[in-house]
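To start, the structure itself, in structure tokens.
The values are calculated or read from the model by the stated rules, or taken from the named source; none is laboratory data. Worth saying up front: this structure is predicted, and the values here are computed from it rather than measured. Backbone-built Cβ (ideal geometry, glycine too); neighbour counts: all protein chains shown.
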Amino acid sequence: MYRWQAAIATENPRVLYLLIELLKDLGLDFVVCTADDTRCGNSKVVVTTSEDSLRHQYDSVVYVEDDLDPVLTSVQILASLYDVHNPSLAVIGVDPGMRFGVALVMDGTVTYKNSLTSPGAAVNLTLRLQSYVKQSYPSCQVIVRVGTGAKLYSTLYLRNALNQHPNLGLELVNEHRTTLSGGATSDQTSAILIAGRTGRKHIDQDMVLEPKVGYVRSLQQFVKRHTRGTRKLTKEEARSILIGNISLDTILDETKS
């Protein structure tokens, strides 16, 4: 019986700090020690660097570098923790809405989940996760499943995703009984449920949005919320986004410059 889920075994101060923050965010029970500490053997996963020489060999070791990527490191740690070593199927579930929940499920095990604030950010995370899985597990099939409960936001996600990656393996999933009320991470939970459902291939009509009054208002509210009131979206801009003349992410990027 392991006493800890993970052991951080490094003397690199930068890596140590980043890993402590990361494992706290993941909600894991961990211990901080040196590479020659016997507590490594009482932990399910040992996280270390190539510069720290482990005293013994362990079944699950995750090696990180100074510039560790928190997203990919999270996947590595959780995959090792839950014994996902050679997955055959990886599904990236996406729950579009005012916030975009994204979850990576490998062979039925959740190895990453997060909430993003825009279609572009959700697409970028999707592509990063897909690329990581394909590089780490070449024989693993990767599917992206997108919920259709919010037509406006699922379409904006699809447009962005297929513009960047026309051959992205996408399935559209009926969100019935996947949306949970309340909770700061309900969109992540919905994304996990969406990942577990078989969907359908997208068609041209899925990329079309009518310039409805409700959609216009929703986009105006979205931009106001995303920019904390510093950017006001006009009705004309909203309609241009809906018919595909401009991208919502283009508007959002303008506020960053």
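On the given criteria, is ASP107 within 23 Å of the chain's Cα centre (by Cα), among the charged types (D, E, K, R) and closer than 30 Å to GLY149 by Cα? It is true that ASP107 is within 23 Å of the chain's Cα centre (by Cα), among the charged types (D, E, K, R) and closer than 30 Å to GLY149 by Cα. The number of residues in the stretch 124-133 that are β-branched (Val, Ile, Thr) and closer than 14 Å to ALA191 by Cβ comes to 1. Does the stretch 43-59 hold any residues that are surrounded by 13 or more Cβ atoms within 10 Å (Cβ to Cβ) and modelled with pLDDT under 95, and which are they? Result: GLU51, ASP52, LEU54, ARG55, TYR58. Listed by position, the helices (runs of 4 or more DSSP H) inside the stretch 196-257 whose residues that are in contact with a Ser or Thr (Cβ under 9 Å, 6 or more places away or on another chain) and at pLDDT 95 or above number at least 1 are 213-226, 235-243. Within the stretch 160-170, the set of residues being under 16 Å from LYS201 (Cβ atoms), more than 17 Å from the chain's Cα centre (by Cα) and assigned to a helix (DSSP H, G or I) comprises LEU162 only. Taken together, VAL133, VAL123 contain a single residue that is buried (at least 17 other Cβ atoms within 10 Å of the Cβ), of a type in the set (A, V, I, L, M) and within 22 Å of ASP253 (Cβ to Cβ), which is VAL123. For THR189, the test of being in contact with a Lys or Arg (Cβ under 9 Å, 6 or more places away or on another chain) and either in a loop (DSSP other than H, G, I, E, B) or not β-branched (Val, Ile, Thr) (or both) is failed. If you go through the stretch 98-115 and keep only what is under 30 Å from ARG217 (Cα atoms), of a type outside the set (Ser, Thr, Tyr) and modelled with pLDDT of 95 or more, you end up with PHE100, GLY101, VAL102, ALA103, LYS113, ASN114. Screening SER60 against (1) within 30 Å of LEU219 (Cα to Cα); (2) not assigned by TED's automatic domain parsing to the domain that holds ARG197 leaves a single unmet condition, (1).
Scanning the stretch 171-184 for residues that are modelled with pLDDT of 95 or more and either closer than 20 Å to GLY244 by Cα or not acidic (Asp, Glu) (or both) turns up LEU172, VAL173. Here SER53 meets the list (1) free of Cβ contacts under 8 Å to residues at least 40 places away in the same chain; (2) under 30 Å from ARG217 (Cβ atoms) almost entirely, failing just condition (2).
Going by the conditions given, is VAL64 surrounded by 16 or more Cβ atoms within 10 Å (Cβ to Cβ) and touching a helix residue (DSSP H, G or I) at 6+ places or on another chain (Cβ under 6 Å)? Yes, satisfied.
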